[in-house]
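Visitor: Structure incoming, see below.
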Amino acid sequence: MVAGSGAPVRASRALLGISAMGILIGILRAAEGRKLKFVNLVYRHGDRSPITGYPTDPYTEKDWPQGYGQLTQVGMKQHYELGQYLRRRYKGFLNSLYEREEIYVRSTDIDRTLMSAESDLAGLYPPHGGQIFNPELKWQPIPVHTVPVKDEKLLLYPLRNCPRYDELTVETENCSEYKEILKANEDFLKRLSTNTGIPFKYLLLRNVWSIYDTLYCEQVHNFSLPLWVTPDEMEHMRQLKEFAIKSDYGLYKPKEKSRLQGGVLLKQILENIAQVINGTNSTHKFIMYSAHDTTIVALQMALDVYSIAPTYAACYMFELYQEKNGSFTVEMYYRNGTNFEVHLLTLPSCTKSCPLQKFIQITADVIPENWREECRAHHGSIQIELILGLATGSCFLLMFIILCVKLQCQDRDKSLGYQKLASHNEEREKMLSF
Ligand code: PT3
């Protein structure tokens, strides 16, 4: 009885124990929650010197310590700070010790982006313990991969050697909205032409972008600017620069432009994600692309989340999560430079955490299937087909003529041969008759 009465008590205690354990495991799982599986970053380099000057520019390349287009110490600090921010944000996801299997960094082959990536990594991976190779140096070398600019087909925008994109650029410049903006700004552009020394007929919106950029760099570095550069003129140029950016990647046939530009990078990011899920590639769970303002613009335009030109060290983050039910979601975050808070970017028609399949579905129309094919010029392609057709026809005609001539020659050779043989026989007969 006692044993009998004790058994159910022990059993119920055991059951209680199991269910308590179950609840505990459940609580632990819930607390564990979703898991960050992979991060792909794209960032703009830090503060730099101007890329070029303009004809009446009072300053020249010599006024900049390392010349044009170079990362400044301000830019180094911005990226070092971004690296420190990333260390805080991804604490627990990235090992605090540098592990080469975890991270892959690629940069365009340009000094300012390479140096930005290096500054970033200095902030992200200060060496600890056995990784310190010089006690006086809080730095360790970390590889930054690149390809020559002529072979760069992922990070430098607009992507070159795409005749269809060049056609779209011409078509954009002929569209009514573009022409209206040019017309509305004619007086401003004439004034800008006089002030900068760039002849009016050569003053394209792209030049306004470049003039603004040069003046912006000079202003940031406390160079005194010519009197004509008032805050109003600067703001006017900035707005035209924004319009120039939009016309490069949007405005007219934006989806087609994206397939030829930002969609290429998006395709790579989605492939990186797929490789993590399928476990097909390496163990990299953190990929960083060190690039330019136009890289971020092209990508954001393709995803329809663009709002304003990226500032220095702007960082666009793609995070892949595995949810508790095993499914995958993508979240996008953007930190538009050192002095900005990070904020979420929601893909239009999706939720904050966008289910991966839905993300792929929504973006499918900006992903090129075959970039080279899609880049073929539409107008040029008719001519190329015509030329190819004519060339093939001519080849056949030439081969036919050669064949005919050859056959005729063979006939002649044969008859000549017969003639020779006949005359030879005649001669032999003559000889024999003597
Ligand atoms: O400042 O992010 C930027 C620009 O993209 C810059 O890096 C650049 O390469 N500009 C090209 C101008 C010809």
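Visitor: Evaluate segment 261-275: report whether one residue or more is without any contact (Cβ under 8 Å) to a residue 40 or more places away in the chain, open to solvent by 20 Å² or more (accessible area, probe 1.4 Å) and touching a Phe, Trp or Tyr at 6+ places or on another chain (Cβ under 7 Å). Break it down stepwise before answering.
Guide: Step one: list which residues in segment 261-275 are without any contact (Cβ under 8 Å) to a residue 40 or more places away in the chain, which gives 271, 274-275.
Next cut, open to solvent by 20 Å² or more (accessible area, probe 1.4 Å) only: 271, 274-275.
With the extra rule that they be touching a Phe, Trp or Tyr at 6+ places or on another chain (Cβ under 7 Å), the set shrinks to none.
No, segment 261-275 contains no residue that is without any contact (Cβ under 8 Å) to a residue 40 or more places away in the chain, open to solvent by 20 Å² or more (accessible area, probe 1.4 Å) and touching a Phe, Trp or Tyr at 6+ places or on another chain (Cβ under 7 Å).
Visitor: Based on what the data block shows, is TYR43 of a type in the set (Phe, Trp, Tyr) and farther than 25 Å from ILE287 by Cα?
Guide: Details: of a type in the set (Phe, Trp, Tyr): yes; farther than 25 Å from ILE287 by Cα: no.
Against the criterion (of a type in the set (Phe, Trp, Tyr) and farther than 25 Å from ILE287 by Cα), TYR43 does not qualify.
Visitor: Between residues in segment 117-136 that are within 18 Å of TYR80 (Cβ to Cβ) and residues that are of a type in the set (D, E, K, R), which pairs lie under 6 Å by C-beta distance while being six or more apart or on different chains?
Guide: Pairs found: LEU124/ARG87; PRO126/LYS138.
Visitor: Now for a different question. How many of the residues in segment 81-102 are among the aliphatic types (A, V, I, L, M), closer than 17 Å to GLY337 by Cβ and either more than 16 Å from the ligand (Cβ to nearest atom) or part of a loop (DSSP other than H, G, I, E, B) (or both)?
Guide: From segment 81-102, those among the aliphatic types (A, V, I, L, M) are 82, 86, 94, 97; that's our starting set.
From what is left, the residues that are closer than 17 Å to GLY337 by Cβ are 82, 86.
Keeping just the survivors that are either more than 16 Å from the ligand (Cβ to nearest atom) or part of a loop (DSSP other than H, G, I, E, B) (or both) gives 86.
Number satisfying all stated conditions: 1.
Visitor: Being assigned by TED's automatic domain parsing to the domain that holds GLU331, open to solvent by less than 60 Å² (accessible area, probe 1.4 Å) and at pLDDT below 95 narrows it down to one residue among SER290, SER258, SER282; which is it? Lay out the reasoning, then the answer.
Guide: Working: SER290 fails: at pLDDT below 95; SER258 fails: at pLDDT below 95.
Going through SER290, SER258, SER282 in turn, the sole match is SER282.
Visitor: Please go through segment 103-128 and give me each residue that is of a type in the set (A, V, I, L, M, F, W, C), within 16 Å of the ligand (Cβ to nearest atom) and open to solvent by 10 Å² or more (accessible area, probe 1.4 Å), ordered by number.
Guide: First, pick out the residues of segment 103-128 that are of a type in the set (A, V, I, L, M, F, W, C): 103, 105, 110, 114-115, 117, 121-122, 124.
Add one more test, that the residue is within 16 Å of the ligand (Cβ to nearest atom), and what stays is 110, 114-115, 117.
Passing the criteria: ILE110, LEU114, MET115.
Visitor: Since SER247 meets every condition but one in (1) among the polar types (S, T, N, Q); (2) in contact (Cβ under 8 Å) with a residue 40 or more places away in the chain; (3) in the same structural domain as GLN70 (by TED's automatic domain parsing), which condition does it not meet?
Guide: Here SER247 meets the rest and fails (3).
Visitor: All but one of (1) over 23 Å from the mean Cα position of the chain (by Cα); (2) at pLDDT below 95; (3) buried (at least 18 other Cβ atoms within 10 Å of the Cβ) hold for GLY250; state the number of the condition that does not hold.
Guide: GLY250 satisfies every listed condition except (1).
Visitor: Check segment 303-318 and report whether any residue there is assigned to a strand (DSSP E or B), over 22 Å from the mean Cα position of the chain (by Cα) and more than 15 Å from the ligand (Cβ to nearest atom). Walk me through it before giving the result.
Guide: Applying the first criterion (assigned to a strand (DSSP E or B)) to segment 303-318 yields 315-318.
Now restrict to residues that are over 22 Å from the mean Cα position of the chain (by Cα): none.
Scanning segment 303-318 turns up no residue that is assigned to a strand (DSSP E or B), over 22 Å from the mean Cα position of the chain (by Cα) and more than 15 Å from the ligand (Cβ to nearest atom).
Visitor: Applying the selection to segment 319-344, what residues are part of a strand (DSSP E or B) and open to solvent by 20 Å² or more (accessible area, probe 1.4 Å)? Break it down into steps so the answer makes sense when it comes.
Guide: So in segment 319-344, the residues part of a strand (DSSP E or B) come out as 319-322, 328-335, 343-344.
The answer is TYR321, GLN322, PHE328, TYR333, HIS343, LEU344.
Visitor: How many residues does segment 200-227 contain that are touching a Ser or Thr at 6+ places or on another chain (Cβ under 8 Å), more than 16 Å from the ligand (Cβ to nearest atom) and either open to solvent by less than 60 Å² (accessible area, probe 1.4 Å) or at pLDDT 95 or above (or both)?
Guide: Residues that pass the stated criteria total 2.
The values are calculated or read from the model by the stated rules, or taken from the named source; none is laboratory data. Because the structure is predicted, anything quoted here is derived from the model rather than measured. Here the Cβ is made from the backbone with ideal geometry for all residues, glycine too, and neighbour counts use every protein chain on show. Protein only, heavy atoms only, side chains kept; ligands, DNA and RNA dropped before computing areas. Shrake-Rupley method; radii C 1.70, N 1.55, O 1.52, S 1.80 Å.
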